[in-house]
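What follows is one structure encoded as structure tokens, with my remarks underneath.
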Amino acid sequence: NTLEAYKNNIEPFMIIGNAIMSPFVDVVYEQLKAYPVSYGHGEARSGKSNILELIANLFGYNASFISGGNDTSKNVMHNMEHYNKTPLLYAEVESSIKRQFPENIKAFYDRTPRKIMKGYGQEQDLKAINATIHFTSNDLLPNNEQTMTRLIFSEFKQDNFDFKKAIPFNVIRDDLIGLILPEILFYLNNPEYIKKLIDLNDKKIELIDKKSKTLSIDTRSRKNIAVATVSYTHLTLPTI
């Protein structure tokens with residue numbers, strides 16, 4: 001249904017794939033020393049919110065779990081500390097996140113712990129970042145190269161989304177798609193399998209890049225894509 005609704009474009013699956021890897025955030029971090037940030041940019045009514053709702057349902061939430069995007073950077077970091085191996089979903093980039101977008105993305109990607117000073121700096125509480133983060137926006141288009149290499153970037157267009165194909169699936173999505181998650185969590189018992197898949201995808205993408213006359217994918221972006229493609233090419237296959 002998702003393939004049909006998005007006219008066989010890969011963009012929604014990059015965000016879905018990155019979010020599905022949230023239960024394996026520790027494995028991804030061990031491989032990359034980071035975790036990529038999803039960013040879906042595009043026009044209104046291009047299916048961005050539909051993807052976020054699908055991800056929310058997959059993890060047992062409903063559409064109310066999706067934030068409007070007006071959180072402060074501090075609140076986002078607090079949420080990333082509070083939720084464990086869970087995708088946090090933001091439908092827009094606003095307020096302090098937007099004003100300091102490159103700095104925020106670097107912190108989210110590198111998973112910089114929050115440091116809370118006490119007693120003239122003699123004590124520190126280090127707050128871990130456990131969740132993953134996924135944005136969509138029809139406003140902000142990142143143009144900083146270092147920021148872009150930390151993103152799973154996807155472009156959404158109205159012409160590539162057929163909402164009439166998506167609507168019939170919504171009832172099933174809202175009630176039943178969470179049943180896929182236990183199949184995904186099965187692989188928590190085999191982290192080495194996840195690592196091998198990431199390495200395998202990384203090598204495949206590197207080979208494609210070398211053979212192409214037009215592509216030029218930097219190492220960080222290649223590894224980000226490798227993470228996102230692990231999930232929808234392997235982890236969901238038992239359910240499908």
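Odds and ends about this structure:
- Accessible area per residue, Å², the chain with all protein chains present, probe 1.4 Å: 52
- Solvent-accessible area, 1.4 Å probe, carbon plus sulfur percent, for the stretch 1-73: 48
- Dipole axis of the chain (+1 Lys, Arg; -1 Asp, Glu on Cβ), positive-most option in Leu58, Leu207, Asn84: Leu207
- Between Ile167 and Glu103, the contour length at 0.36 nm per residue exceeds the alpha carbon distance by 19.3 nm.
- Segment Ala128..Lys213, full-extension length gain: 26.4 nm, with 0.36 nm per residue of separation and the alpha-carbon distance subtracted.
- Most to least accessible of His41, His78 (protein chains only, probe 1.4 Å): His78, His41
- Share of carbon and sulfur in the accessible heavy-atom surface of the stretch 165-206 [1.4 Å probe, %]: 63
- Distance between the modelled labels on Asn84 and Leu176, one decimal in nanometres: 3.2 nm (7 Å Cα→Cβ projection).
- Length available on full extension from Gln146 to Asn190: 0.36 nm per residue minus the Cα-Cα distance, which gives 12.6 nm.
- Structure-derived volume of the Cα convex hull per residue in Å³ - corresponding label in (i) 136; (ii) 185; (iii) 145: (i)
- Residues Tyr232, Tyr29, sorted by accessible area with the largest first, give Tyr29, Tyr232 [1.4 Å probe; ligands and nucleic acids excluded].
- At most 11 other Cβ within 10 Å, DSSP loop - trypsin sites (Lys or Arg not before Pro), the stretch 143-235: Lys213
- Taking 7 Å steps out from each Cα toward its Cβ at Leu200 and Thr233 produces label points 0.9 nm apart.
- Within the chain, DSSP assigns beta bridges of which about 25% are antiparallel (rounded to the nearest 5).
- Sparse-neighbourhood loop sites, GluC sites (Glu not before Pro) in the stretch 75-105 - DSSP loop, at most 13 other Cβ within 10 angstrom: none
The values are calculated or read from the model by the stated rules, or taken from the named source; none is laboratory data. A quick note: this is a predicted structure, and the numbers were derived from the prediction, not measured. So basically every Cβ, Gly included, is an ideal-geometry build from the backbone, and we count neighbours across all protein chains shown. Note: areas computed on protein heavy atoms with side chains; ligands, DNA, RNA excluded. Shrake-Rupley method; radii C 1.70, N 1.55, O 1.52, S 1.80 Å.
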